[in-house]
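Peer 1: Right, I'll just put the structure down here and ask away after.
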Amino acid sequence: MSQPTLARRSVDDGVAQQLTAHGISPLFARLYAARGLSDASDASFKLSLLPSPASMKGMDLVCARLLSAIDAKQKILIVADYDADGATACSVALRGLRLFGARVDFIVPNRFEFGYGLTPEIVELAAKESPDVIVTVDNGIASVDGVARARALGIDVVVTDHHLPGDTLPDTPTIVNPNQRGCPFPSKAMAGVGVMFYVLLSLRTLLRERGDFTANTQPDLNQLLDLVALGTVADVVPLDALNRRLVEAGLRRIREGRAQVGVKALFDITKRDPNKATAYDFGFMLGPRINAAGRLDDISLGIECLTTDDAHRAADIATQLDQLNRERRSIEAGMRDEADVMISAEITAEQRSIVVMDQTWHQGVVGIVAGRLRETYHRPTIVFAPGEGTELKGSGRSIPGFHMRDALDLVSKREPHLMRKFGGHAMAAGLTITNANFGPFVRAFEQIATELLTPAMLEQRVESDGSFSMTDFDFETAEALHQHVWGQAFPPPLFDDEFTVVESRIVAFKHTKLRLKREGRMFDAIRFGCTDPPPQPMRAAYKINLSEYNGSQRLELIVERWWAA
């Protein structure tokens, strides 16, 4: 692939000045303005600014049904998705509903045996537990047949989800999903765990209003915010103002030593310092270990880690999750290498999409491999692996400007026979096809991609926040950048400047350690995963990093890319 081009994010200077006038530092005002933030209140992390749960369509009916179940001591059964969002949403539901006195348990059916969502087969399995109410978390909005089967068995279904709905909704009056049609809730970016947390907030209000407790005696739902933050970041949903507030509140609790014991155990096993927790820890350390359970084994292991109050048990589970993650990485590396060989032999400059499959691949890892290939080739990518019988299970990852779920919807409308089922959102989706339809699907998806993607959209670009002022290069600024909430659709700051390379050497056989000079000042720097000789002089796109070694902190630059100056 060709070297990506460097592009600086555009900044509305007027907006930046307005933000500065509200007390925001010039550096952060510039960063916020470049990320589309124009209202100073959106830079605030006050939880009091969260939109009201009552504004979510269907919330009143959902809470009324849950309240009646609590009052009548009816059994509530949570049916969760098998990723980190599903695991945290299930854990939040279990912990929160138990605080309200509910009889509640959960099942997470094996993904390889039962597939995704509340299927009729999962309902049959759930029915053996004799629930009065099934509550879906992080799934259910597409489960038309499953909900119908549950109701035929006399089981009510409460759907809590955030995925995009199809043309037909499940036949139940109790649905909360900010993305369902007609929902006035201002944020459409919530993860499944955020939706469940909002259900608990609304349910607590109902209980307080009828006198079950006062504002002083009500259960403290803030104790669940570390789980909400973890699931939100791990699900890679856009970090809009609402999600940033939830994530910041969860990080703050962890830094203050008030995390769930399972979250603490995951920090321990990854050798990360919870006192300096960041969103990076959720996305790249804790989240993958919970996901590994759902990808290779059983996500209920991750749920137990997040719901146990036994520190020894949590540590034991965290060790198991870490081992599963090591296995996942090994499987992923092999699949990715094989996919790279396939793609490099076939890809052309005109090709708009990537769809690959191998009969030996593991369906639990297709999503991660799709994401890695998308990063390398900057094309919408779908990776398939064998499912049951003649089925192929696929997972897709997209690039900005190409809505993956809508693209699959177009395929289904043009050639309804190609996919057995599909679902997802803009940047990620899952689907099932048959072996026989693989070739026709590849051609149909490529046709959609050809129609929707322009050459400019397929150009790889490194987006920078421009030059970093030498006056800002200090520990205080580095700490502020480090602790801030960055993530999907609110990317961490990346700066670019011209440097003289004073020294360059390879470390650990795969990284380049550098000494750089700019405006008479020396900088320690490193570029990970690259052993190419750096250009001289060099324009580097870099992050400011605050590292710690032998108890002392130091500033360094993490070089993401370099070009000849």
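Peer 1: DSSP loop (so not H, G, I, E, B), at most 15 other Cβ within 10 Å: list which GluC sites (Glu not before Pro) in segment 322-401 pass both filters.
Peer 2: GLU350, GLU388
Peer 1: Something else: Can you give the FRET efficiency for THR214 and THR168, using 1/(1 + (r/R0)^6), R0 = 30 Å, r = Cβ-Cβ distance, to the nearest 0.05?
Peer 2: Once rounded, the FRET efficiency stands at 0.10.
Peer 1: In addition: Arrange SER48, SER464, SER130 by Cβ neighbour counts within 10 Å, fewest through most, would you?
Peer 2: SER48, SER130, SER464
Peer 1: OK, next. If the chain between ASN222 and SER130 were fully stretched, how many nm would it gain, using 0.36 nm times the residue separation less the Cα-Cα distance?
Peer 2: The ASN222-SER130 span can extend by a further 30.0 nm.
Peer 1: Further question on the same structure: Given points 7 Å out from each Cα along the Cα-Cβ axis, report the ASP337 to ARG258 separation in nanometres with one decimal.
Peer 2: That separation, rounded to one decimal, is 4.8 nm.
Peer 1: What pairs from LYS188/LYS276; LYS75/LYS264; LYS510/LYS543; LYS393/LYS510; LYS73/LYS421; LYS188/LYS543 go past 27 Å between their alpha carbons?
Peer 2: Among LYS188/LYS276; LYS75/LYS264; LYS510/LYS543; LYS393/LYS510; LYS73/LYS421; LYS188/LYS543, the Cα-Cα distance tops 27 Å for LYS188/LYS276; LYS75/LYS264; LYS393/LYS510; LYS73/LYS421; LYS188/LYS543.
Peer 1: Continuing with the same structure: How many angstrom lie between the Cα centre of segment 269-290 and the Cα centre of segment 225-253?
Peer 2: So the two Cα centres are separated by 13 Å.
Peer 1: As an exercise, find the ratio Rg/Rh for the chain from alpha-carbon atoms, using the Kirkwood inverse-distance average for Rh.
Peer 2: We get a ratio of 0.97 for the chain.
Peer 1: If you don't mind, another one. What is the order of TYR198, TYR32, fewest Cβ neighbours within 10 Å to most?
Peer 2: In order of increasing Cβ crowding within 10 Å: TYR32, TYR198.
Peer 1: Under a crude label model (7 Å from the Cα following the beta-carbon direction), how far is ALA311 from LYS421 in nanometres?
Peer 2: In this crude spin-label approximation the distance works out to 4.3 nm.
Peer 1: Filter the GluC sites (Glu not before Pro) in segment 392-466 down to the DSSP loop ones having no more than 15 other Cβ atoms within 10 Å, then list what survives.
Peer 2: GLU459
Peer 1: Let me ask you something else. Rounded to the nearest 0.05, what FRET efficiency is calculated for GLU498 and GLU451 with R0 set to 51 Å and r the Cβ-Cβ distance?
Peer 2: So the FRET efficiency works out to roughly 0.80.
Peer 1: Among ASP60, ASP310, which comes first, then next, by fewest other beta-carbon atoms within 10 Å?
Peer 2: Lowest count first: ASP310, ASP60.
Peer 1: Between GLN536 and ALA508, what is 0.36 nm times their sequence separation minus the Cα-Cα distance? Round to one decimal in nm.
Peer 2: Between GLN536 and ALA508, full extension yields 7.8 nm more.
Peer 1: If exposed trypsin sites (Lys or Arg not before Pro) are those in a DSSP loop with at most 10 other Cβ within 10 Å, what is the longest stretch of the chain that has none?
Peer 2: By the stated rule (loop sites, at most 10 other Cβ atoms within 10 Å), 272-509.
Peer 1: Continuing with this model, one more query. Using a Förster distance of 25 Å, how high is the FRET efficiency between ASP474 and SER41, based on the Cβ-Cβ distance and rounded to 0.05?
Peer 2: With R0 = 25 Å, the Cβ-Cβ based efficiency is 0.35.
Peer 1: Just check segment 483-528 against the gyration tensor rule for me: Cα atoms, a ≥ b ≥ c as the square roots of the eigenvalues, rounded for a/c under 1.5, and otherwise prolate or oblate depending on whether a/b exceeds b/c.
Peer 2: Oblate, since a/c reaches 1.5 and b/c is not below a/b.
Peer 1: Under unit Cβ charges (Lys, Arg +1; Asp, Glu -1), what dipole magnitude, rounded to 20 debye, does segment 347-458 have relative to its Cα centre?
Peer 2: 140 debye
Peer 1: What number comes out for the charge environment of GLN553, summing +1 per Lys or Arg and -1 per Asp or Glu over other residues with Cβ under 11 Å away?
Peer 2: Around GLN553, the charge tally is -1.
Quick note: the coordinates plus some simple rules give every number you see, no bench work behind them. Computed from a predicted model, the values in this text were never measured in an experiment. Every residue, glycine among them, receives a Cβ derived from its backbone with ideal geometry; neighbour counts consider all protein chains shown.
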